[in-house]
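Undergrad: Can you read through this structure? Questions will come right after.
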Amino acid sequence: MPRVAEDRQHDAERRRDAERLRALEDRLARTRGVEPMSREGEKYQQANQAWRMVIELVAGLGIGFGIGYGLDQLFGTTPILLVLFILLGFAAGVKTMMRTAAEMTGAPKPAPGQPAEIAPAPPAGTTPAEPAGTTPAEPEGTKGTQRGD
């Protein structure tokens, strides 16, 4: 019977912890000025975002298929343009999905016309361990020579 008592105590602690977590989330949401979302609402929101990404991929494939098929019929090059535009549509769908995923995670958007995730290069003559504007120290006895003769 001691095992049953431990299980009841453990369940009661978990319920208290879950209630405290819910209260903390509500307090944080009020502080941010956002209305707290229910757990069910979060599940539906995640499902909607997942479907949005799937639809973006399928739309890219469908548009690529339509353009490729139409151009193949127009020029009489039956499979070539169809395959090419399906691949281009797939690439466009994946790119759109990645952009949507970045929006969902809250990643900053790159400026128009600039590739994502470009970090500025450090100034010449510095390493990550040295502050900018300093030059590496020269070994003893090599001052004033180029090759250390």
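Coordinate-derived values only; no laboratory data. Nothing here was measured: the structure is a model prediction, and the numbers come from that model. Every residue, glycine as well, gets a Cβ built from its backbone with ideal geometry; the counts of neighbours run over all protein chains shown.
Undergrad: Among rounded, prolate and oblate, which fits region 40-105 when a ≥ b ≥ c are the square roots of the eigenvalues of its C-alpha gyration tensor, a/c under 1.5 means rounded, and a/b larger than b/c means prolate?
TA: prolate
Undergrad: Follow-up. Work out the length of the dipole vector of region 40-105 about its Cα centre, built from +1 on the beta-carbon of each Lys and Arg and -1 on the beta-carbon of each Asp and Glu, and round it to the nearest 20 debye. Display every interim value, and only then the final one.
TA: On the way: 4 positive and 5 negative charges, 19 e Å.
Dipole about the Cα centre, nearest 20: 100 debye.
Undergrad: Using a Förster distance of 41 angstrom, determine the FRET efficiency expected from the C-beta separation of residue 6 and residue 54, and round it to 0.05.
TA: Between residue 6 and residue 54 the formula returns 0.35.
Undergrad: OK, next. May I ask you to derive the FRET efficiency for residue 13 and residue 42 from their Cβ-Cβ distance with R0 = 22 Å, giving the value to the nearest 0.05?
TA: 0.35
Undergrad: Follow-up. 7 Å from Cα along Cα→Cβ at both residue 73 and residue 94: what's the point-to-point distance in nm?
TA: According to this spin-label approximation, the distance is 2.9 nm.
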